[in-house]
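Trainee: Let me begin by handing over the structure; questions about it come next.
The values are calculated or read from the model by the stated rules, or taken from the named source; none is laboratory data. Not measured: the values here are computed from a predicted model. Cβ placement follows ideal geometry from the backbone for every residue including glycine, while neighbour counts extend to all protein chains displayed. The protein model used for the area step is the full one, side chains on, heavy atoms only, and it has no ligands, DNA or RNA in it. Shrake-Rupley method; radii C 1.70, N 1.55, O 1.52, S 1.80 Å.
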Amino acid sequence: MPSEFELIARYFARPDFLEPGVAMGPGDDCALLTPTPGQQLAVSVDTSVIDVHFPADAPAWAIGHRCVAVALSDLAAMGARARWCVMALTLPEADEAWLAAFAEGFHALCAAHGVALVGGDVTRGALSIAVTVHGEVPAREALKRSGGRAGDILAVSGPLGGGAGGLHAWRSGVRDLADPLLAAYLLPQPRLAAGQALRGLAHCAIDISDGLLGDLGHLCAASKLGAELDVERLPLAEGLTAALGEDAARQAALTGGDDYELLFSLPATALAGVKHRLSDLGLHLNVIGRLKESPGIGGVGIGDLPTGWQHFPGAPS
Ligand SMILES: Nc1ncnc2c1ncn2[C@@H]1O[C@H](COP(=O)(O)OP(=O)(O)O)[C@@H](O)[C@H]1O
Ligand SMILES: Cc1ncc(C[n+]2csc(CCOP(=O)(O)OP(=O)(O)O)c2C)c(N)n1
Ligand SMILES: [Mg+2]
C-alpha cells in the first residue's frame, strides 16, 4: 500500500508541469500563483461527500469528474475563466485502482478546461473531496446574482431535471454512463464557456445546484426582485418524462437540483446576441420567465413546492 506521499506523487502532483501562472505547484507549503494583471480572482470551494453528493458505489472516474465539475460550475456562473484548483481528499483507504480511476476523471476535466491542480491535502476518513477553484475575470465584469433588473428575461443554458432523474435512474439500477439522465447526474459539464459568453450581455447569473426554484430564489433575493416563471416552457432533460411521468418530471426540473446549468437574466435587447453566442457553443438558450418588481416567484402553479436542496433544513416556522 502506498504511503500518503507516494500516492500524492503518483496520482496528483505533477512536478514537471509548467502551467501558466504557476510559480510553485504541489510540493511546498503553498502553491504560488501569478494572477494576470487587470483580472480579478474568482474563488470558490465545494465539498462532495459520499452518499450525500454521489452514491458510494459510483465509478471512481465519475466521482473524480463530478467533484471538479460542481466546483467549476460556480466559476462559470460568475463568467470567470478557470485557472487553478486545490483539492482536499479524505479517503477511507488507499485503494490504488480506485485512486487511479478517480485521478483520471479529475485530471481529464481539469485538462478540458485548462485548470492546473496546484496543491491539496490527503487525510484518512469517510470519502469526501473538497475542491477549491480559482478563476480570473476582467475587473468589474463578473456576473453577479445581484444584477437582475425588473422586466429582464429569465433563461437557462440547458435542460433541467437531469440531476434528479439520474439519481432516480441510479437507484433503479441503471449503470450505463451513456444513459442521458445518469450522465447528467454523474458527469455534469460546467458551463464555463457559456458563462464567459454571457459577460457584458446578461445582468445576473447563478448555477443551478440546489434546484431551479431554490437558486432562482437566491437570484431574486440578491437582485431584490421577484420572478414569474412560465412552467410550461421549462426545458426537461432527455428521457425525464418517460422515466418519471409528467408531474414528477416537472417537479424534478423545479426542485431536484444537481443540474449545473446557468440561470441568468438579460434585457430583451440582448436576447438575439446571447442566443447567437450560446448557439456558437452548441447550447440552446431557453427562456423560462421574467424578473418582476413585486417579490415572490409566481407561475409555478403546483401549490407549495419545497424551495431547494438544503443540507440543514430549518424547523418549519
Ligand atoms: N463555511 C462558509 N464560510 C463562509 N462562507 C460560506 C461558507 N459556506 C458557504 N458560504 C458562502 O455562502 C454562499 C452560498 O453558499 P452555497 O449555497 O454553497 O453556494 P453555491 O451554490 O454557489 O456553491 C456562497 O457565497 C459561499 O461562499
Ligand atoms: C447520493 C445522492 N443523494 C442525493 C443527492 C441530491 N443532492 C445532494 S446535495 C444537492 C444540492 C447541491 O449540493 P450542495 O452541496 O448544496 O452544492 P452547492 O449549492 O454548494 O453548489 C443535491 C440536489 C445527490 N447528489 N446524491
Ligand atoms: Mg457551495
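Trainee: What residue, of 57, 29, is of a type in the set (Asp, Glu), within 15 Å of ligand 2 (Cβ to nearest atom) and more than 20 Å from the chain's Cα centre (by Cα)?
Mentor: 57
Trainee: So in segment 209-232, with the set limited to residues that are more than 16 Å from ligand 3 (Cβ to nearest atom) and closer than 23 Å to residue 168 by Cα, which one is surrounded by the most Cβ atoms within 10 Å (Cβ to Cβ)?
Mentor: By that ranking, first place goes to 212.
Trainee: Only one of (1) surrounded by fewer than 22 Cβ atoms within 10 Å (Cβ to Cβ); (2) in contact with a Cys (Cβ under 9 Å, 6 or more places away or on another chain); (3) at pLDDT 95 or above; (4) of a type in the set (Gly, Ala, Ser) fails for residue 296. Which number is that?
Mentor: Exception for residue 296: condition (3).
Trainee: Out of 45, 52, I need the residue that is surrounded by 13 or more Cβ atoms within 10 Å (Cβ to Cβ) and within 16 Å of ligand 2 (Cβ to nearest atom). Which one?
Mentor: Unique residue meeting the criteria: 45.
Trainee: Give all pairs with beta carbons closer than 7 Å in which a residue from segment 212-223 that is over 22 Å from residue 237 (Cα atoms) meets a residue that is hydrophobic (A, V, I, L, M, F, W, C); count only pairs at least 6 apart in sequence or on separate chains.
Mentor: Pairs that qualify, where the first residue is over 22 Å from residue 237 (Cα atoms) and the partner is hydrophobic (A, V, I, L, M, F, W, C), are 218/206; 219/204; 219/206; 219/263; 220/227; 220/297; 223/204; 223/291.
Trainee: Residue 177 passes all but one of (1) open to solvent by 10 Å² or more (accessible area, probe 1.4 Å); (2) touching a Lys or Arg at 6+ places or on another chain (Cβ under 6 Å); which number fails?
Mentor: All conditions are met except number (2).
Trainee: Right, another one. Go through (1) in contact (Cβ under 8 Å) with a residue 60 or more places away in the chain; (2) of a type outside the set (Asp, Glu); (3) open to solvent by 20 Å² or more (accessible area, probe 1.4 Å) for residue 205 and report which single condition fails.
Mentor: Checking residue 205 against (1) in contact (Cβ under 8 Å) with a residue 60 or more places away in the chain; (2) of a type outside the set (Asp, Glu); (3) open to solvent by 20 Å² or more (accessible area, probe 1.4 Å), the one that fails is (3).
Trainee: Are there any strands (runs of 3 or more DSSP E) wholly within segment 56-149 with 3 or more residues that are out of contact with any Cys (no Cβ under 7 Å at 6 or more places or on another chain) and open to solvent by 30 Å² or more (accessible area, probe 1.4 Å), and if so which?
Mentor: 81-91, 116-124
Trainee: Still on this structure: Residue 158: in a helix (DSSP H, G or I) and within 15 Å of the chain's Cα centre (by Cα), yes or no?
Mentor: It is false that residue 158 is in a helix (DSSP H, G or I) and within 15 Å of the chain's Cα centre (by Cα).
Trainee: Which one is nearest to residue 77 (Cα to Cα) among residues in segment 7-55 that are within 16 Å of ligand 3 (Cβ to nearest atom) and not in a strand (DSSP E or B)?
Mentor: Step one: list which residues in segment 7-55 are within 16 Å of ligand 3 (Cβ to nearest atom), which gives 42-49, 52-54.
Still in the running and not in a strand (DSSP E or B): 52-53.
Working: 52: 23, 53: 20 Å.
Residue satisfying both the conditions and the ranking: 53.
Trainee: Still on this structure, please answer the following. Just to be sure I understand, how many residues within segment 191-216 are within 20 Å of residue 66 (Cα to Cα) and within 12 Å of ligand 1 (Cβ to nearest atom)?
Mentor: 7
Trainee: In the set 251, 189, which member is within 13 Å of the chain's Cα centre (by Cα) and open to solvent by 50 Å² or more (accessible area, probe 1.4 Å)?
Mentor: Exactly one residue qualifies, and that residue is 189.
Trainee: When you go through (1) farther than 22 Å from residue 169 by Cα; (2) in contact (Cβ under 8 Å) with a residue 60 or more places away in the chain; (3) surrounded by 12 or more Cβ atoms within 10 Å (Cβ to Cβ) one by one for residue 309, which number turns out not to apply?
Mentor: (1)
Trainee: When segment 172-199 is examined, which residues are found to be without any contact (Cβ under 8 Å) to a residue 24 or more places away in the chain and either within 13 Å of ligand 2 (Cβ to nearest atom) or among the β-branched types (Val, Ile, Thr) (or both)?
Mentor: If the condition is that a residue be without any contact (Cβ under 8 Å) to a residue 24 or more places away in the chain and either within 13 Å of ligand 2 (Cβ to nearest atom) or among the β-branched types (Val, Ile, Thr) (or both), then 174, 182 are the ones that fit.
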